[in-house]
Amino acid sequence: MGSRNVVVFEDFFPAMVEKLGAEGFMKELSNGFQLLVDGDKGVITFASLKRNSALLGLKEMSDEEVVCMLREGDLDGDGALNEMEFCTLMLRLSPELMNNSRNLLVEAILNF
């Protein structure tokens, strides 16, 4: 059997929420956004994601994969990810967090 290059995504988000709380976790997501953002435009663009993909351990991503990532999270159709779209995408990529999203929302509201 030939081996296949497979990326295995391990969901660390639930452990991060448990350790940091909802507010701390959202701050970490915001920090992640800042690592990938195009400083001039204030959003994650194709160029900024491609340029910073090595920070994510994804330096081998094809242009098509980068476009797909942007398209997946781009809720307003502008071709880029603002901070809200980025955080929403990250939460959607975590099945366990999605299952517990109501509890996280309640905690965030109570701490607001």
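For L56, L81, give me the order by solvent-accessible area with a 1.4 Å probe, most accessible first, ignoring ligands, DNA and RNA.
L56, L81
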>> So for the stretch 12-111, if I pair up every lysine 8 or more residues apart or on another chain, how many of those pairs have alpha-carbons under 22 Å apart?
In response: 4
> Residues with beta-carbon under 15 Å from that of G21, excluding G21: net charge, scoring Lys, Arg +1 and Asp, Glu -1?
Replying inline: -2
> Full extension from V67 to E23: what is 0.36 nm times the residue separation minus their Cα-Cα distance, to one decimal in nm?
Replying inline: 12.9 nm
>> Under 5 Å between amide hydrogens, which residues at least 5 positions from V43 or on another chain qualify, with H placed 1.01 Å from N in the peptide plane?
In response: D38
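The values are calculated or read from the model by the stated rules, or taken from the named source; none is laboratory data. These figures come from a predicted structure and were not determined experimentally. Cβ coordinates were reconstructed from backbone atoms using ideal geometry, including for glycine residues, and neighbour counts include every protein chain displayed. What goes into the accessible areas is simple: the full protein's heavy atoms, side chains included, and nothing from ligands, DNA or RNA. Shrake-Rupley method; radii C 1.70, N 1.55, O 1.52, S 1.80 Å.
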